[in-house]
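Right, one structure below, let's go through it.
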Amino acid sequence: MKFTFTDKKVTLPKSVHDYAEKKVGKLDRYFPGEAEASVVFSVEKGRNNAEVTVRSGGTIYRVRESTSDMFATIDASVADIERQLRKNKARLEKRLRKDAFVRTPEETSFAPEEPEEEYRIVRTKRFAMKPMSAEEAVLQMKLLGHTFFAFRNEDEGGAFAVVYQRDDGDYGLIQEGD
């Protein structure tokens with residue numbers, strides 16, 4: 001597994017990065033081929049935050065944890081990704097390593113597997129998507145009172161795009177492309 005560590009507004013000792021590499025590296029058994037892990041550390045209002053992103057085979061797994069201790073935050077992040085993998089095991093079987101869920105002797109936690117929840121689509125909307133700029137799409141999104149808006153981006157030759165409101169109050173743009 002390839003690792004990328006980023007420290008935002010904090011300088012951490014190498015031991016924290018080594019600990020994260022050891023813990024997140026244990027997730028490697030789930031992924032076929034070479035997975036990439038990105039760990040972003042930050043400290044805000046006395047809380048230690050870690051955002052762990054693992055990319056493998058076109059699938060992205062991301063968790064964000066915050067505790068009072070950086071080592072506990074790393075442990076919680078790894079546990080969350082494992083929980084996501086177990087919870088969606090049936091849907092992810094084609095993308096994960098064949099023996100990913102076989103228990104090894106060193107595993108001490110034998111938590112019962114969570115029942116798989118069914119994804120239900122309860123409503124379908126259809127609407128014509130006229131070409132517009134990203135700024136027009138943000139305006140339309142705000143007028144509708146939504147947190148995202150799908151449109152055809154006229155600046156990109158009519159390619160499908162989505163604008164969305166970020167947690168920090170700014171806006172993001174997702175575009176179709178290579």
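The values are calculated or read from the model by the stated rules, or taken from the named source; none is laboratory data. The shown structure was predicted, so the numbers you read here are calculated from the model rather than taken from an experiment. Note that we place each Cβ from the backbone using ideal geometry, even for glycine, and neighbour counts take in every protein chain shown. Keep in mind that these areas ignore ligands, DNA and RNA; they rest on the heavy atoms of the full protein, side chains included. Shrake-Rupley method; radii C 1.70, N 1.55, O 1.52, S 1.80 Å.
Yes or no: Ser77 among the polar types (S, T, N, Q) and either outside any helix (DSSP H, G or I) or over 30 Å from Glu118 (Cβ atoms) (or both)? Spelling it out, it is not the case that Ser77 is among the polar types (S, T, N, Q) and either outside any helix (DSSP H, G or I) or over 30 Å from Glu118 (Cβ atoms) (or both). Name the residue that is most open to solvent (accessible area, probe 1.4 Å), counting only residues in the range 6-17 that are in a helix (DSSP H, G or I) and touching a strand residue (DSSP E or B) at 6+ places or on another chain (Cβ under 9 Å). The qualifying residue most open to solvent (accessible area, probe 1.4 Å) is His17. From the list Thr73, Thr108, Thr104, the one residue that fits, being at pLDDT 85 or above, out of contact with any Gly (no Cβ under 6 Å at 6 or more places or on another chain) and of a type in the set (Val, Ile, Thr), is Thr73. Pull up the range 49-70, narrow it to residues that are at pLDDT 90 or above and part of a loop (DSSP other than H, G, I, E, B), then point me to the one that is most open to solvent (accessible area, probe 1.4 Å). In this case the residue turns out to be Ser68.
Among the criteria (1) assigned to a strand (DSSP E or B); (2) open to solvent by 20 Å² or more (accessible area, probe 1.4 Å), the one Phe41 does not fulfil is (2). Considering only the range 48-68, state which residues are in contact (Cβ under 8 Å) with a residue 24 or more places away in the chain and among the polar types (S, T, N, Q). Within the range 48-68, Asn48, Asn49, Ser56, Thr59 qualify.
Here the range 131-174 is the region considered, the condition is being open to solvent by 70 Å² or more (accessible area, probe 1.4 Å) and hydrophobic (A, V, I, L, M, F, W, C), and the residue that is nearest to the chain's Cα centre (by Cα) is Ile174. The residue of the range 23-38 that is nearest to Leu85 (Cα to Cα), among those that are open to solvent by less than 50 Å² (accessible area, probe 1.4 Å) and assigned to a strand (DSSP E or B), is Ala37. A residue that is among the charged types (D, E, K, R), in contact (Cβ under 8 Å) with a residue 24 or more places away in the chain and closer than 15 Å to Phe3 by Cα occurs somewhere in the range 31-47. Only one of the numbered conditions (1) open to solvent by 30 Å² or more (accessible area, probe 1.4 Å); (2) under 14 Å from Phe71 (Cβ atoms); (3) among the small types (Gly, Ala, Ser) is violated by Ala20, and that is (1).
Restricting attention to the range 122-138, the residues being free of Cβ contacts under 8 Å to residues at least 24 places away in the same chain and closer than 13 Å to Gly172 by Cα number 1.
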